[in-house]
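Novice: Would you mind keeping the following structure in view while I ask a few things?
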Amino acid sequence: MKPRYKRVLIKVSGEALAGPDKFGISDEMLSGIAAQIKEIHELGVQIAIVVGGGNFWRGRTGQSIDRATADYMGMLATTMNAMALQDAFEKQGLPAAVQTAISMTQIAEPYNRKKAISHLEAGKVVIFGTGTGSPFFSTDTTSALRAAEIDADVILLAKKVDAVYSADPEVDPNAIKYDQLAHKEVIEKQLGVMDITAATLCMENNIAIHVFGVSEKGNMLKAINGEKIGTIVR
């Protein structure tokens with residue numbers, strides 16, 4: 001089967017890397033995500049990744065810490081996850097490069113749009129760490145921004161939950177599952193797919209968002225092939 005997309009940006013949340021422990025990095029989840037990404041890479045799909053840092057630190061976690069400082073700490077957490085993903089890919093024979101918006105040249109390349117696209121065209125997976133490099137912006141916004149910059153066909157949101165719901169399905173058993181939504185609905189209903197800044201950026205640049213559960217093996221391949229899983233936002 002020919003993949004539906006040629007170039008994708010995958011948003012991997014820190015929570016997805018943590019697995020059931022909800023903190024740190026689960027070896028099982030890390031290797032599982034790497035295996036799924038290798039599977040779609042072998043189809044010839046160009047893959048960029050934005051990784052979150054919530055498994056180590058969230059900007060709003062430290063209530064007594066200045067917000068900008070806390071956000072920078074969160075950026076460092078995303079870099080740890082980016083390095084872990086790079087290592088997992090390389091162990092599976094998948095070439096990968098980490099680029100960061102904050103310069104840390106001993107461990108990563110500085111973010112460069114043209115070089116990132118060159119890596120993608122050469123078959124490397126590119127992992128973007130440190131978010132946008134500025135406080136007050138989420139990694140959701142980074143995903144929308146980088147997807148627009150590299151001209152990605154879609155943003156794949158690999159999450160713990162398997163789709164977008166009208167409410168948290170773990171809290172509300174009557175939550176409605178959506179198969180398809182418009183960007184405008186996501187913003188107006190505040191469904192939590194992405195923050196409003198990110199969702200608006202996707203709407204303005206006509207970038208589709210596909211939300212699906214990362215824990216079930218094979219879901220990423222199904223999403224790439226255009227199968228009906230999770231929720232598609234257009």
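Bear in mind these aren't lab numbers, they're just calculated from the coordinates by the rules spelled out. Worth saying up front: this structure is predicted, and the values here are computed from it rather than measured. Cβ sites come from the backbone with ideal geometry, for glycine too, and all protein chains shown count toward neighbours.
Novice: Name the residues whose placed amide hydrogens come within less than 5 Å of the amide hydrogen of V164, ignoring near sequence neighbours (fewer than 5 apart) on the same chain.
Specialist: For V164, the qualifying residues are Y178, T231.
Novice: Something else now. Local charge sum around F212 (other residues, Cβ-Cβ under 13 Å, Lys/Arg +1, Asp/Glu -1)?
Specialist: Net charge in that neighbourhood comes out at +3.
Novice: Straight distance only, please: which lysines reach the Cα of K114 with their own Cα at less than 25 Å, same-chain residues fewer than 8 apart left out?
Specialist: Correct list for K114: K6, K11, K38, K124.
Novice: Among I65, I40, I196, determine the one that fluctuates most according to a GNM of the chain built with springs between C-alpha atoms less than 10 Å apart.
Specialist: Ranking I65, I40, I196 by mean-square fluctuation puts I65 first.
Novice: Moving on to the next point. With Cβ to Cβ distances under 10 Å as the rule, what net charge do the other residues near R7 carry (K, R +1; D, E -1)?
Specialist: Computed value for this residue: -2.
Novice: Could you state the number of Å between the C-alpha centres of the stretch 170-206 and the stretch 106-157?
Specialist: The stretch 106-157 and the stretch 170-206 have Cα centres spaced 22 Å from each other.
Novice: So how strong a dipole does the chain carry about its Cα centre when Lys and Arg Cβ are +1 and Asp and Glu Cβ are -1, to the nearest 20 debye?
Specialist: 480 debye
Novice: Amide H neighbours of A96 under 5 Å, counting only residues 5+ apart in sequence or on other chains, H built in-plane at 1.01 Å?
Specialist: Here the answer is V125, since their amide H atoms fall under 5 Å of that of A96.
Novice: Add +1 for every Lys or Arg and -1 for every Asp or Glu among the other residues with Cβ under 15 Å from the Cβ of Y111, and state the total.
Specialist: That works out to +3.
Novice: Which residue, G93, G14, G53, has the most motion in a Gaussian network model of the chain that connects Cα atoms within less than 10 Å?
Specialist: Highest fluctuation among the options: G93.
Novice: Also, quick follow-up: With the Cα gyration tensor of the chain in hand, convert its eigenvalues to equivalent ellipsoid semi-axes via √(5λ) and list them largest first in whole Å.
Specialist: 23, 22, 18
Novice: By count of other Cβ within 10 Å, fewest leading, how are S118, S13 ordered?
Specialist: By the 10 Å Cβ count, ascending: S118, S13.
Novice: Return the FRET efficiency for the residue pair A35, R4: r is the Cβ-Cβ distance, R0 is 22 Å, and the value is rounded to the nearest 0.05.
Specialist: Approximately 0.60, to the nearest 0.05.
Novice: Per the helix-only calculation at 222 nm, which mean residue ellipticity applies to the chain, given -39500 (n - 2.57) for every DSSP H run of n ≥ 4 and division by its residues, nearest 500 deg cm²/dmol?
Specialist: Helix contribution divided over all residues of the chain: -11500 deg cm²/dmol.
Novice: Within the stretch 190-230, which residues have the backbone N less than 19 Å from the label spot 7 Å out from D172 along Cα→beta-carbon, could you tell me?
Specialist: 190-196
Novice: So which residue, out of L191, L76, L30, gets the largest mean-square fluctuation from a GNM of the chain using Cα contacts under 10 Å as springs?
Specialist: Between L191, L76, L30, it is L191 that shows the largest mean-square fluctuation.
Novice: Still on this structure, please answer the following. Work out from phi, with θ = phi - 60° and the Karplus expression 6.51 cos²θ - 1.76 cosθ + 1.60, the ³J(HN,Hα) of each residue of the stretch 38-43, listed in order in whole Hz, and give x for Gly and Pro.
Specialist: Karplus values, whole Hz, x for Gly and Pro: 4, 4, 7, 4, 5, 7.
Novice: Run the simple label-point estimate for A182 and R113 please: 7 Å along Cα→C-beta, distance reported in nm.
Specialist: Calculated label separation equals 2.9 nm.
Novice: Something else about it: Calculate one ³J(HN,Hα) per residue across the stretch 134-150 by plugging θ = phi - 60° into the Karplus curve 6.51 cos²θ - 1.76 cosθ + 1.60, and present them in order as whole Hz with x for glycine and proline.
Specialist: 10, x, 6, 10, 7, 6, 4, 5, 4, 4, 5, 5, 5, 4, 5, 5, 8
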